[in-house]
1. Can you sort ASP132, ASP4, ASP144 so the residue with the fewest Cβ neighbours within 10 Å comes first?
2. When only DSSP loop residues count, what GluC sites (Glu not before Pro) in the range 27-93 have their Cβ near at most 11 other Cβ atoms within 10 Å?
3. Rounded to two decimals, what is Rg over Rh for the range 123-217 when you use alpha-carbon atoms and the Kirkwood radius?
4. Which lysines have a Cα lying under 28 Å from the Cα of LYS77, excluding residues fewer than 8 positions away in the same chain?
5. Could you pull out every residue, at least 5 positions away or on a different chain, whose amide H is within less than 5 Å of the one on SER152? Hs are placed 1.01 Å off N in the peptide plane, and Pro or chain starts have none.
6. Mean Kyte-Doolittle of at least -0.5 plus a Cα span of 30 Å or more along the axis: flag which DSSP H helices in the chain meet both, please.
7. Could you give each residue of the range 13-20 its phi-based ³J(HN,Hα) in whole Hz, using Karplus coefficients 6.51, -1.76, 1.60 with θ = phi - 60°, and x for Gly or Pro?
8. Using alpha-carbon positions, what is the distance between the centroids of the range 121-197 and the range 78-117, in Å?
Amino acid sequence: ANRDGDDIRLETGDVFHTLRQQMEKDNTRANFAMSDFVAPEGEDWIGGFCVTAGGEAETIAAEFAKKGDDYSSIMVKALADRFAEAMAEYMHERVRRELWAYAPDEALTNTDLIAEKYQGIRPAPGYPSQPDHTEKETLFRLLDAENRIGVSLTSSFAMTPAASVSGMYFAHPEAVYFAVGRIEKDQVEDYARRKGWDLRTAERWLAPILNYDPFAA
């Protein structure tokens with residue numbers, strides 16, 4: 001993979017589109033986009049993942065709910081979410097120590113892991129570092145997630161089963177989690193062009209982070 005402006009281009013021809021912060025900072029702090037953590041040329045890599053606790057948890061939770069046992073229903077859903085998050089954390093550790101092996105001697109305590117005291121990040125489309133949920137479509141197609149582990153996307157790009165976690169791996173030593181925050185119309189227009197959308201479609205998917213009124217005269 002290589003950076004092309006605010007896009008990440010893969011050898012497969014696929015593209016991940018990213019958004020850049022547009023906030024005032026002091027001169028020592030950059031406005032980040034996820035593409036910043038990929039080399040502009042030469043050999044570099046990103047990863048993708050999807051893990052799930054499976055659909056059985058939803059069935060069990062529904063059975064408890066039918067019996068009027070709301071507490072057990074809620075606990076089953078909560079445990080399923082925790083299992084999925086734990087698997088996501090475990091897989092990221094394997095990437096760092098074994099698969100990509102850029103930190104083979106990493107030996108962190110649970111406290112260190114919770115504090116994310118390791119090199120690399122695993123941001124997810126639809127979350128602060130890339131608020132556009134539609135980027136999951138490219139990720140899921142590349143992973144073949146539905147056929148391989150039974151995780152699919154709804155029309156609003158939510159994952160089903162709900163107790164699932166997906167995202168991307170970045171190994172850059174300076175990669176950090178960040179929130180894109182509010183963005184201006186110039187970036188929305190550029191993003192729409194890169195995605196092949198019209199402006200209204202881009203504004204609909206990015207509505208929560210627009211720093212302007214798209215319906216203003």
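1. On the way: ASP132 19, ASP4 14, ASP144 10.
Fewest-to-most Cβ neighbours within 10 Å comes out as ASP144, ASP4, ASP132.
2. Working: sites: GLU41, GLU43, GLU56, GLU58, GLU63, GLU85, GLU89, GLU93; in loops: GLU41, GLU43.
Sites meeting the loop and neighbour criteria: GLU41, GLU43.
3. On the way: Rg = 14.9 Å, Rh = 14.8 Å.
For the range 123-217, the value is 1.01.
4. LYS66, LYS67, LYS136
5. For SER152, the qualifying residues are THR160.
6. On the way: long enough: 70-94 (36 Å, -0.31).
Long hydrophobic helices here: 70-94.
7. Couplings: x, 6, 9, 9, 9, 10, 10, 10 Hz.
8. Comparing the Cα centres of the range 121-197 and the range 78-117, I get a distance of 20 Å.
Coordinate-derived values only; no laboratory data. Keep in mind the model is a prediction, meaning the values are calculated, not measured. Reconstructed Cβ throughout: ideal geometry from the backbone, glycine too, with neighbour counts over all protein chains shown.
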